[in-house]
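Working notes, structure below.
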């Protein structure tokens, strides 16, 4: 069968009950029973999709995309619940039926691998913005997320979590395969492949890429104003506590990942 219960032992054991497998990829339980409906989800040419592996800067990217595509004010965005404006395709709420009926242009998020996204998207319908993040930083953020989310109940060590990450035992499967699939489609006309780190290294170029990809016409002054607004958003979204956590665990992540990446060389 395509879908089966995940039975791989872990610590703690009850953590395993949080996942199931679909075509060899471990997915969160709320995806169960809806993968066929997701594959057949109807797209519109005006749709804008934001796709990431979890903890790859999704919240920051969605705000930048919303600002660039809607011409919104960063202060206004700060007062909005952007998550309500950009629903996640596979989440229980608001659900596929409601997302299907949203007015255009729809902005939709997903963490699903490329192969599981709607088939029409593979055929060039809609625009897809994908963001990848350095796994050494991502795994630290993902670890903290699992520990803070009561429904996940993860109480293993950071080293154990890194082993899970490297052995594809977390929700949404292998980070390596997730990024590789989109990298292979980076030249598709409807796909824009971005890197999280570039938002901090060269924000102007990222904003220009977004505007061009989304068909937003702007002169130099308008682009500079847009970059300034995006910079404000980045500063608002920066979490000093999260950064300190990365500094504390960063070397641990590097050691754990380097130890387990030998099989990829």
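Kindly indicate which of 89, 67 is surrounded by 15 or more Cβ atoms within 10 Å (Cβ to Cβ) and at pLDDT below 95.
67
Run residue 149 past the list (1) within 19 Å of residue 27 (Cα to Cα); (2) over 16 Å from the mean Cα position of the chain (by Cα); (3) surrounded by fewer than 19 Cβ atoms within 10 Å (Cβ to Cβ); (4) touching a residue at least 60 places away in the same chain (Cβ under 8 Å) and report the number of the one that doesn't hold.
(4)
Just to be sure I understand the filter: pairs with C-beta atoms under 6 Å, separated by 6 or more residues or on different chains, first member in the range 205-222 and closer than 17 Å to residue 125 by Cα, second member assigned to a helix (DSSP H, G or I). Which pairs pass?
Pairs found: 214/69.
Using the structure shown, decide if residue 14 is more than 20 Å from the chain's Cα centre (by Cα), surrounded by fewer than 18 Cβ atoms within 10 Å (Cβ to Cβ), at pLDDT 95 or above and part of a helix (DSSP H, G or I).
No: the conditions fail for residue 14.
Among what's in the range 117-136 and is in contact (Cβ under 8 Å) with a residue 40 or more places away in the chain, assigned to a helix (DSSP H, G or I) and under 18 Å from residue 193 (Cβ atoms), pick the residue that is farthest from the chain's Cα centre (by Cα).
Among those that are in contact (Cβ under 8 Å) with a residue 40 or more places away in the chain, assigned to a helix (DSSP H, G or I) and under 18 Å from residue 193 (Cβ atoms), it is 121.
Output yes when any residue across the range 183-190 is closer than 20 Å to residue 88 by Cα, part of a loop (DSSP other than H, G, I, E, B) and in contact with a strand residue (DSSP E or B) (Cβ under 8 Å, 6 or more places away or on another chain), and no when none is.
Yes, the range 183-190 contains a residue that is closer than 20 Å to residue 88 by Cα, part of a loop (DSSP other than H, G, I, E, B) and in contact with a strand residue (DSSP E or B) (Cβ under 8 Å, 6 or more places away or on another chain).
The values are calculated or read from the model by the stated rules, or taken from the named source; none is laboratory data. The structure presented is a predicted model; accordingly, all values stated were derived computationally and were not measured. A quick note on method: Cβ atoms are made from the backbone with ideal geometry, for glycine too, and the neighbour counts reach across all protein chains shown.
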